[in-house]
1. Based on the Cα coordinates of the chain, what is the per residue volume of their convex hull in Å³?
2. Given region 457-593, what whole percent of its Cα pairs are spread farther than 19 Å?
3. Restricting to DSSP H runs of at least four residues, report the calculated mean residue ellipticity at 222 nm for the chain, -39500 (n - 2.57) per run over all residues, nearest 500 deg cm²/dmol.
4. Filter Lys314/Lys437; Lys368/Lys402; Lys203/Lys314; Lys203/Lys438; Lys314/Lys466; Lys246/Lys402 down to the pairs with a C-alpha to C-alpha distance above 18 Å, please.
5. When Glu280, Glu521 are ordered from fewest to most other Cβ atoms inside 10 Å of their Cβ, what list results?
6. What is the Cα centroid distance between region 523-589 and region 195-217, reported in whole angstrom?
7. Over region 114-244, what portion of Cα pair distances is larger than 17 Å, expressed as a whole percent?
8. What translational diffusion coefficient, in µm²/s and rounded to a whole number, does the Stokes-Einstein relation yield for region 423-494 at 4 °C and a viscosity of 1.567 mPa s, taking the hydrodynamic radius as the Kirkwood radius over Cα pairs?
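What follows is calculated from the coordinates using simple rules that are stated; it is not laboratory data. Source: prediction; values computed, not measured. So basically every Cβ, Gly included, is an ideal-geometry build from the backbone, and we count neighbours across all protein chains shown.
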Amino acid sequence: MIASLRAAAILVAATLPGFLPAQQKAPAAASPLRSAAVSNLRYEVSFDSATAARNVIAVAVTFDVGEKGLVLLSIPTWTPGSYEIANFARFVSDFSPRAADRPLDWDKLDYDTWRIDPAGARSVTVRFDYHATTLDNAAAWSRPDFAFVNGTNIFPYPEGRGFEFPATVTVKTQPGWLVATGMEPAGAPGTYRESNYHDLVDKPFFVGRFDLDSAQVEGRWHRLATYPAGAMAGPARSLIWDQIEKTVPRMSAVFRETPWRTYSTLLVFTREVGGGSALEHSNSHVGIYNPGFIGNPLLASITDHEIFHAWNVKRLRPADMWPYNYARSQPTPWLWVSEGITDYYADLALVRGGVVDSAGFLGLTGEKMQQVAGETPAALEDASLTTWISPVDGSQYQYYPKGSLAGFMLDVLIRDGSDNRRSLDDVMRELYGAAYKKGRGFTGQDWWPAVSRAAGGRSFTDFYQKYIDGREPFPWADILPRAGLRMAADTVREPRVGVATAQDSSGAIVVQMVQPGGVAEAAGVKAGDHLIALGDIDVMDPSFGEAFRSRFGKREGDSLSIKVARGADTLTLHGAVRLVERVESTLDLDPQASAKAARIRNGIFRGTTEGQPGR
Ligand SMILES: [Zn+2]
């Protein structure tokens, strides 16, 4: 794969409709997508129990018109970090531009661009309703007492005028309801100001009833907002705070900089999702989780992943996505760095911060190895590039576990090549300075020379060809001994039910296939059944696999109830436990490790190198 592919669908302006006079159409010499100059943009966002009853957020944008001509306003097609085209313009209704007390003519120029004729007005206000009905981190969602919304959904921008314009935002809600956002407060309560559009749309909002508290970490305020109120309280809330306090300093240590004034962790818990997912921003993130994540260690791991993104991808970012283009996709072959290496650092933050011990870290790494071993081999660059089209070839999202492991390998090779004087941390920090701090994205001309320098001049051409551009299995037999680690094979007996399942759009676990002769078939499970519980273990529980194995992995023939929903009925079927043997490889400390390998191993766990012994 060539790393310079820039395939992207560019929106084509639709034919101009007839109602506007011909002379008002854009002049041939200029870009057809250029708005008349506008300034002093003020966005007003209203959400209360009345708009909530209609599942809408009411938006008003007011601006000054600086010249004659048509005003073109567009709404983004995607939210950076969520690599899919979502076309937020489709959730807009009741679009209504006015000047003083008169309505203005308007039509659509393309599917996400509105064309407004100000007809000489100096000041224009555009009102619309945004339908907050999408339970997705990149989108907007509402309940009778709550909404979350991303700026990419509701803040239109003037076409062809760049993104460096300042704007204010006022959030109006009802007494007793709260607002949480990473936006910069601007005096009056509920009013915020950002100096450019990129920052404006990178700071999502919670509005309504939810729990909100804050604490200082490294002398800066962290906010924790959780919906619904009361969902995450007591020990579970103390636990996530403890994890944030332990891990954030270990992430800052990589870059020797904490890049935010405040950081907001915004979490929604709902049974409407079976798993959990989160989306990063420069000083906040939004997570949507099944309530089973409350108090579960997985939540700390995802939280760290999102927080690390504040450096890696929100600031240090591939040149393919610098600056963000909100009208089209921006494929990049570098998501294995932006996502995968972020995931490696989430694991490192956990072990370096003392949230997990070294065995816990090796467990997380071993799980990634197992996951990759079970997938169709895909090149990391290909998986990165193609995520935008949700490919069915099995490559999608491989850049997470496989990219994380590529980061681990690079870290080991850099430490090995430099006698543990340098690490992947040095590469991340060097690029942060050389690219982000210089106001640009990074390319392969930044990345690979930095890796090579850190590793004492070792060439990574072969590494790139085999493991990043290629599909060769990762060379663990060569890598692990350099870090004083080894693979141990264990034969485990585990209970097997004999169904293949998938999660449907509502989050339910649906039986896709019933294995002939298996436990489920004998019990009467049918394809299409919604799986609810095995024994007394809820299949939506994030610890389901572990709980199921420990409860039913002991004795063949133990009775196993299988609770399913079939149509409108809930059935409890009866089966008997059957155990199968499986060889599981686990990562382990090598007691025979050389002194150098042991230093490298400890350096990885502690975030240290020779000459930089702990910070
Ligand atoms: Zn991520």
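1. On the way: hull volume 108.5 nm³, N = 615.
In the chain, the Cα convex hull volume per residue is 176 Å³.
2. Working: 5871 of 9316 pairs.
It works out to 63 percent of all Cα pairs.
3. Details: 15 runs with 153 residues, N = 615.
That calculation yields -7500 deg cm²/dmol at 222 nm.
4. On the way: Lys314/Lys437 12 Å; Lys368/Lys402 7 Å; Lys203/Lys314 12 Å; Lys203/Lys438 23 Å; Lys314/Lys466 28 Å; Lys246/Lys402 26 Å.
Those over the limit are Lys203/Lys438; Lys314/Lys466; Lys246/Lys402.
5. Working: Glu280 25, Glu521 16.
Ordered by Cβ neighbours within 10 Å, fewest first: Glu521, Glu280.
6. Between the Cα centre of region 523-589 and that of region 195-217, the gap is 40 Å.
7. On the way: 5760 of 8515 pairs.
Tail of the P(r) past 17 Å holds 68 percent of the pairs.
8. Stokes-Einstein gives a translational diffusion coefficient of 88 µm²/s.
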